[in-house]
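Trainee: One structure, pasted below without further comment.
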Amino acid sequence: MKELFRHIDHLLLHHECVIVPGVGGFLTHAATSFYDEDEQAFFPPHRTIGFNPQLVLNDGTLVRSYMEATKCDYKKASLLMQRDIRALQERVKTLGECYIDSVGTLKQSRDGKYTFLPLESGALTPSLFALPRFEIQPLPIANQQEKVITMKVSTVRRVVSVAAAAVAVVLLSIPFLHGSDNQMPTTTQQAASPLRVLATEKVQANEQNHAEVLDKVRNMFSQSSAEEQQVLPDEYFTIVLACDVAEENCRIYADMIKKEDGLDKDKLHVYADHIYYGVFATHEAAAETLKLMQDNKYFKIGWVKEITQ
């Protein structure tokens, strides 16, 4: 009977099915690597062993193995195989089960049917040697989510305008202070003309600085006014190409989109964690543009969105 076990084990190295006539067929199945969450470990590929009690007809595979091992003819090899099979059946019938080396345990139920419990290690597979399991710990999950503060563009511009006005007030007050400090008593100015000339030149210099500051302030407010003219309308439609993406990644993604041919790059805008394309007065106009751009891979996942300031 031990000889039978060695033949089964040897044949399973190179065959997917080994039939033991009158008992059943042992089948192998390739299993891919997998991750066990309970053990937090990756397991390498392996072969599992199954059993089919309906495969009882002699296909000649086991007999040929006996012939090669004993160097005898088919008839004698068949008799040796049948002897070992009967010994196996008697062991299972008497003890209720029989352990087959390197394969598993063969059992017999009360109704006479054979069942099989394979080894957890699976079938021996030389091509999968030196592939042990390895453990890997999952990354800790952050307790707090990243907080993102969003502000409207119009609000930011109003804050900038107020700050510019405050800076202008401070700057405008400085020349007057210098001018008032440098004024001399009337009697002294009349008595010493050289001092009066110096004071006059200093006042003229202060007035020139004052004029330069005023020009700078006017330029600041003129630029602010020009920007306000470019502010988007309160309600419009646009095409969303990406959303809920980190701003840095948004800009990288936008640069990739700009490299596409047939795209109006001036219509592509990045706001916080969104990438928008175009400004449309109606939903139909935005949808029509999206339809025309469907051949572009970046527009296939886009959608029309209404923006309200």
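Trainee: Using a 10 Å cut-off on Cβ atoms, rank the peptides 7-15, 298-306 from the highest mean neighbour count down.
Mentor: Packing proxy ranking, top to bottom: 7-15, 298-306.
Trainee: So how do D36, D295 rank on accessible area, 1.4 Å probe, biggest first, that is with the largest at the start?
Mentor: D295, D36
Trainee: If you don't mind, another one. According to a simple spin-label model (label point 7 Å from Cα along Cα-to-Cβ), what is the distance in nm between L95 and H10?
Mentor: Placing both labels 7 Å along Cα→Cβ, they lie 2.3 nm apart.
Trainee: Let me ask something else. Once you have the Cα-Cα distance between E120 and L263, take 0.36 nm times their residue separation minus that, and quote the gain in nm to one decimal.
Mentor: 45.6 nm
Trainee: Assuming R0 = 51 Å, can you tell me the calculated FRET efficiency for the pair E135 and M256, based on Cβ-Cβ distance, to the nearest 0.05?
Mentor: It comes out at approximately 0.85.
Trainee: Give me the percent of accessible area attributable to carbon and sulfur for segment 249-305, probe 1.4 angstrom.
Mentor: 52 percent
Trainee: Tell me the carbon and sulfur percent of the accessible area for segment 1-123, rounded to whole percent, probe radius 1.4 Å.
Mentor: On segment 1-123, the fraction of accessible area on carbon and sulfur atoms equals 52 percent.
Trainee: Under the 0.36 nm per residue contour assumption, what length would be gained going from the current alpha-carbon distance of A163 and N249 to full extension?
Mentor: Gain on extension, A163 to N249, equals 27.9 nm.
Trainee: Continuing with the same structure: Across bins of 10 angstrom width beginning at 0, how are the C-alpha pair distances of segment 1-107 distributed, in whole percent?
Mentor: With 10 Å bins starting at 0, P(r) equals 14, 42, 27, 12, 5, 0.
Trainee: For L117, what accessible area in Å² do you get when you roll a 1.4 Å probe over the heavy atoms of the protein chains, rounding to the nearest 10?
Mentor: Per-residue accessible area (L117): approximately 100 Å².
Trainee: With every protein chain left in place, what is the accessible area per residue of segment 1-112 in square angstrom, probe 1.4 Å?
Mentor: 59 Å²
Trainee: Relative contact order for segment 1-55 using alpha-carbon pairs under 8 Å, separation at least 6, rounded to a whole percent?
Mentor: About 31 percent, as a whole number.
The values are calculated or read from the model by the stated rules, or taken from the named source; none is laboratory data. Values in this document were obtained by computation on a predicted structure and should not be read as measured data. With ideal geometry, Cβ positions are generated from the backbone for all residues, glycine too; neighbour counts draw on all protein chains shown. With ligands, DNA and RNA removed, areas are computed over all heavy atoms of the protein, side chains included. Shrake-Rupley method; radii C 1.70, N 1.55, O 1.52, S 1.80 Å.
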